[in-house]
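Here is the structure we will look at.
The values are calculated or read from the model by the stated rules, or taken from the named source; none is laboratory data. Computed from a prediction, not measured in an experiment: that's the story for all the values here. Don't worry about glycine lacking a Cβ; one is built from the backbone with ideal geometry, like all the others, and counts go over all protein chains shown.
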Amino acid sequence: MKLKLLYTCLAITGITASALAQETVDQAAVQKIREEGLNHSKVMETAFYLTDVAGPRLAGSPGLKRAQDWAVKTLAGWGMVNSKLEPWGKFGKGWEVQKNYAAITVPYYHAIIAIPKAWTPGTNGPIKGDVILVKADTTTDLDKYKGKLAGKIIIFDTQQTKLAQGTKADLSRYTDEELDKMAAATMAPAGGPRRAFDPNSPQMAARRKALVMRTVLNKFLLDEKVGLILAQGRGTDGTTFTTNGASYADTAKTVAPELETSGEDYLRVLRLVKAGQKVTMEADIKTEFFTNDLQGYNVVAEIPGTDKKLKDQVIMIGGHLDSWHGATGATDNAAGSAVMMEAMRILKTIGYKPKRTIRIALWSSEEQGLFGSRGYVASHFGDPRTMVLKPEQAKLDAYYNLDNGTGKIRGIYLQGDSAAGPIFKAWLAPFKDLGATTVTVSNTGGTDHQSFDAVGLPGFQFIQDGMDYNTRTHHSNQDTYDRLSEDDLKQAATIVASFVYNTSERMDMIPRKALPTPPPAAPGR
């Protein structure tokens, strides 16, 4: 019995030792990466060029083109090969703000915080006039405004008459308890419970009614030649979260000029007008559309692999380079783009000769629906609708994404790929002192790793501290260079570079989940 137990213990020890040996981290290499990434970083310099120098990077805009051209040139200058802009398909019109001024002049002067909604026209020169309150719940309510709104500045009533208030600090990091809960998560059953879609539900009926009313209202205001529409932007304390007021499609219909104002300024004007007080405003908004090139592009560059057997296999890292237009898109997502560029620089600077090819991709039009990464995946790897795959799909080892703000990396989401868990735990071990330890089997969404996951590729997003991403900077006029945390970005780039190194050196590719089942064909197809 004792002999049998001894053999059993030796067998178990052997298996464990073998597993550990397979994932043993090259500490000397990690130290070189840490030294370069933490003590000789250029991540903030890169972020400066992507934000302050390039400016807002709305999809299709000159600002995005400036950032893309700079990234291509910079990556090539660092020694990357095949550094280029790669088209992924048709996007639509580019657009940018070229002038934006709006102020109350009566009952007193006050410059308001306001941002033109994306893809809306300007005022065609300075305008000035009284603010008119428009109340229209039905199409028949519009009749009383016919012939009265030409050149006017209009505002709508709202049920939200008070802004949210609180004393909780914006900046936040994950607590140990929150990270422990993430690490303890288990895989949900495939598919999970789904609520049956009811097209006749009250909610859907209300949405259809609102959409119809909005369409009719847009046409009415355009036909009436309204001078400017004021809309209440989401946010408090001067923070205004931006949106689009029209489609980017080259076939989209024209709409009236529209400003998204801060909650404080909107409610001040609304209170005055509803109280019968005269409010006069002046504004001068200039925007421009760009239709000379309707294509979308991604930035792509590589460090070529050197192993005869493995060099055709590819490790990809990336983040989206496009942003919204209210600021310079620092945390969303110049931060992720700068970190990924810095990871490539680190690996090149330390003289690393990877076994597998390392490829960076900086996506465009992520904000409109992951278009850049989806187009790239469809071109290189396969179609998620049919699950018809291309030869390159078998050669993509893993894709690592960063797109949750400026916060440091605390771990990684496995996206249900539980077999990768022990591997990543070993790779994170050298960074415990930097706060990165958590591996969770959970999924996370809303960004470009999903495009890879959709065709059965190991696509991962890192866990990041939230900081003030969701409360203050995400898509807002506060998303500027000053919101970036230098130490956090250094830490993130160092960890990404280490993950790429380990992926390239590993004997086997990262384990894969089973291929997704293609969705059922639509009726009639």
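For ILE285, indicate whether it is among the hydrophobic types (A, V, I, L, M, F, W, C) and in the same structural domain as ARG345 (by TED's automatic domain parsing). Give the steps one after another, and end with the answer.
Numbers: among the hydrophobic types (A, V, I, L, M, F, W, C): yes; in the same structural domain as ARG345 (by TED's automatic domain parsing): no.
For ILE285, the condition - among the hydrophobic types (A, V, I, L, M, F, W, C) and in the same structural domain as ARG345 (by TED's automatic domain parsing) - is not met.
Residue count for segment 110-153, restricted to those that are among the polar types (S, T, N, Q), free of Cβ contacts under 8 Å to residues at least 60 places away in the same chain and buried (at least 19 other Cβ atoms within 10 Å of the Cβ): 0. Filtering ALA327, ALA335, ALA343 for residues that are touching a residue at least 12 places away in the same chain (Cβ under 8 Å) and in a loop (DSSP other than H, G, I, E, B) leaves a single hit, ALA327.
Identify all residues within segment 270-295 that are on the phi < 0 side of the Ramachandran plot, of a type outside the set (D, E, K, R) and either assigned to a loop (DSSP other than H, G, I, E, B) or touching a His at 6+ places or on another chain (Cβ under 8 Å) (or both); write none if there are none.
Those that are on the phi < 0 side of the Ramachandran plot, of a type outside the set (D, E, K, R) and either assigned to a loop (DSSP other than H, G, I, E, B) or touching a His at 6+ places or on another chain (Cβ under 8 Å) (or both): ALA275, GLN277, VAL279, THR291, ASN292, LEU294.
On the stretch given as segment 414-450, residues that are out of contact with any strand residue (DSSP E or B) (no Cβ under 7 Å at 6 or more places or on another chain) and either over 18 Å from ILE317 (Cα atoms) or small (Gly, Ala, Ser) (or both) total 15. For segment 407-430, state whether one or more residues are surrounded by 20 or more Cβ atoms within 10 Å (Cβ to Cβ), out of contact with any Ser or Thr (no Cβ under 6 Å at 6 or more places or on another chain), within 20 Å of TYR297 (Cα to Cα) and assigned by TED's automatic domain parsing to the domain that holds ASP468. Checked segment 407-430: no residue is surrounded by 20 or more Cβ atoms within 10 Å (Cβ to Cβ), out of contact with any Ser or Thr (no Cβ under 6 Å at 6 or more places or on another chain), within 20 Å of TYR297 (Cα to Cα) and assigned by TED's automatic domain parsing to the domain that holds ASP468.
Just one of ASP141, ASP137, ASP69 is outside any loop (DSSP other than H, G, I, E, B), out of contact with any helix residue (DSSP H, G or I) (no Cβ under 7 Å at 6 or more places or on another chain), among the acidic types (Asp, Glu) and modelled with pLDDT under 95; which is it? Break it down into steps so the answer makes sense when it comes.
On the way: ASP137 fails: outside any loop (DSSP other than H, G, I, E, B); ASP69 fails: modelled with pLDDT under 95.
Unique residue meeting the criteria: ASP141.
Note on segment 466-525: residues that are outside any helix (DSSP H, G or I) and farther than 22 Å from THR328 by Cα amount to 20.
Looking only at segment 122-134, residues that are touching an Asp or Glu at 6+ places or on another chain (Cβ under 9 Å) and either part of a strand (DSSP E or B) or under 24 Å from ARG234 (Cβ atoms) (or both) come to 7 in all. Figure legend. Inter-residue proximity from segment 168-181: first residues closer than 13 Å to ILE463 by Cβ and of a type in the set (Phe, Trp, Tyr), second residues modelled with pLDDT of 95 or more and surrounded by 13 or more Cβ atoms within 10 Å (Cβ to Cβ), beta-carbon distance below 7 Å, spacing 6+ or different chains. Indicated pairs: TYR174/ARG410; TYR174/ASP465.
For segment 494-512, state whether one or more residues are in contact with a Ser or Thr (Cβ under 7 Å, 6 or more places away or on another chain) and buried (at least 24 other Cβ atoms within 10 Å of the Cβ). No, there is no match, as no residue in segment 494-512 is in contact with a Ser or Thr (Cβ under 7 Å, 6 or more places away or on another chain) and buried (at least 24 other Cβ atoms within 10 Å of the Cβ).
Per-residue answers, yes or no, for (1) buried (at least 22 other Cβ atoms within 10 Å of the Cβ); (2) touching a Ser or Thr at 6+ places or on another chain (Cβ under 8 Å); (3) within 24 Å of ALA246 (Cβ to Cβ):
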residue	(1), (2), (3)
GLY55	no, yes, yes
LEU58	yes, yes, yes
LYS65	no, no, yes
GLY79	no, no, no
PHE91	yes, yes, yes
GLY94	yes, yes, yes
ASN100	no, no, yes
PRO107	no, no, no
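Could you say whether any residue in segment 359-366 is of a type in the set (Asp, Glu), in contact with a helix residue (DSSP H, G or I) (Cβ under 9 Å, 6 or more places away or on another chain) and either outside any loop (DSSP other than H, G, I, E, B) or surrounded by fewer than 24 Cβ atoms within 10 Å (Cβ to Cβ) (or both)? No; the residues of segment 359-366 include none that is of a type in the set (Asp, Glu), in contact with a helix residue (DSSP H, G or I) (Cβ under 9 Å, 6 or more places away or on another chain) and either outside any loop (DSSP other than H, G, I, E, B) or surrounded by fewer than 24 Cβ atoms within 10 Å (Cβ to Cβ) (or both).
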